[in-house]
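Just so it is clear, none of the values below were taken in a lab; they were calculated from the coordinates. What you see is a predicted model, and the numbers here were worked out from it, not measured in a lab. All Cβ positions, glycine included, derive from the backbone under ideal geometry; neighbour counts span all protein chains shown.
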Amino acid sequence: MALSRTLLRIGGAVTLAATLALSTGGAALAADPPTTADPGTAAAGWIAAQVDAGIAPGNLADSIFAFASVGAGGDAAASALAKLETGVDGYILDGSDLVPGYLAKTLLAVEVAGGDPTSFGGHDLETELRGLMVTTAGPDLGRFGAALPSDQALAIIALARTSAGAPSDAVAWLVGVQCADGDFNWDATCPGAGSEDPDTTGLALQALLAGGATSAAASSTQLLLSIQGSDGAFSSFGTPNTNSSGVAGQALRAAGKTSAADAAAAFIKTLQYGCDAAVPDRGAFPWATSYAGQLIFSTPQAVLAFGGPGLDQLTIDGASAAAPVLDCPAAPAPSATPKPTDEGGTGPVVTLPPTDLAAATPASGDGTWAPMALLVLAAIAGAGFATARLRARR
C-alpha cells in the first residue's frame, strides 16, 4: 500500500506539472532568443550560447569585446563579466605573479563592460598593471614585466582609457620594437618580408593610436594595407582567415581606413556558418574554409571588423540586452561540426596555427525536446497512477 501511495503522489505531481507546462504553451520553458539575418548580431547570439555553457577567462573577455563591437548581447556581456570575476585569480596570476597580458586584457574587458576595475575579484586592476611597468633606465624601460608586443599593446590601450592615461615610456617601448616596414611580430623580432604578422600589428596599431604615436601608427597602417588580399582578407601561416582579418580590420577602421576595413568584414562574412550548418554552429565563424576548429577563438575576433570602434573607445553602453541568433527554418541540421577548443589566452592578438586537436562532440538540441519530454514523463506518471489505483482497490 505504501508503494501505491508513493506512485499516486508522484503520478499526480508530475501529471500536474506536465499539464501546466503544456497548457501554457511551454511558458515554464526559457524563452527563445530573437532571430536576425545580420551576420554580426547572429555571431553575438552564437557567442552568448558559449558564455552560458562555460568558456575560459580569455574567451570571456573576447566575448565582451565582440558584444560591444556589434552592439548586441548586453545581458550576455554582464554574465561574461561576472564569470570572469569569479575566475580572475586563476587567469591573471601565475602562482603569486601577475601575468601582464592577462591582467591588461582583464582590465580592458572590465572597462568595456562598465565594471569597476578598482575592485574586481579583490584586485585593483589599474594599480596592479601600472605596478608591473619597468621604470629603470635600459632596454626594458616602459615594458610591463616581460610583456610581448601584444601584451604591451593591450596594456597601453587599457591604460589609455583611464584618467591618468597610458605612460609615455610604455608607448616608447612598443615603438622601439616596431620593424622598419611598420610590422610588429609576436616575439618582437623582425623576420622580414613574407613573415608579416597582421594580428600583432593590428593590435599594436590600436595601441599606437591610443598612445598618440602618430608617425609609428601611420607606418603600421601602410604595412597592413600592403598585405591585405584583393578579397579583403588578411593571412597568417599562409592562410586567409577570419581571426587575422577581424583584428586587422578593426585596426584599419580605427586608423580611418574605412574601405579597407569594410573589405575585411566582407571577406569574413563569406565564411559564416549559415542555416545549412549544424544547429550549434550557426552564426559562428570558422578560422578558415579549410579549418573548422577553434570557433570560440575565431568568432569573437572576426566580428571586430564589423563596424565597431577601436578597443580604446569600445563600450557595451547602448547595446541591446538580447543577443539574436541566426534566423533559420525550424528543421535541425543533420550533423555536427567539431567542437572548438578553448583559447583562453591574451587575444585578440596572435592567430593560433591550425591543428587537428579540435575534439568532436555531439550536437546540442534545438530546444524542441522539452515539451516531448514532458509528455513522455506525463505518460509514465499516468501509468504509475493507474497502477496505484488498481493496487489500492485490492
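Summarising the label geometry, the points placed 7 Å from Cα in the beta-carbon direction at Asp89 and Thr162 lie 2.3 nm from one another. Kirkwood analysis of the Cα pair distances in the stretch 37-352 returns a hydrodynamic radius of 19.1 Å. Under Stokes-Einstein, with the Kirkwood radius over Cα pairs as Rh, the value for the stretch 117-165 at 4 °C and 1.567 mPa s is 113 µm²/s. Relative to the current alpha-carbon distance between Thr118 and Ala82, full extension at 0.36 nm per residue lengthens the span by 11.5 nm.
Per the Cα gyration tensor, the stretch 135-262 maps to an equivalent ellipsoid with semi-axes of 24, 16, 11 Å, ordered largest to smallest.
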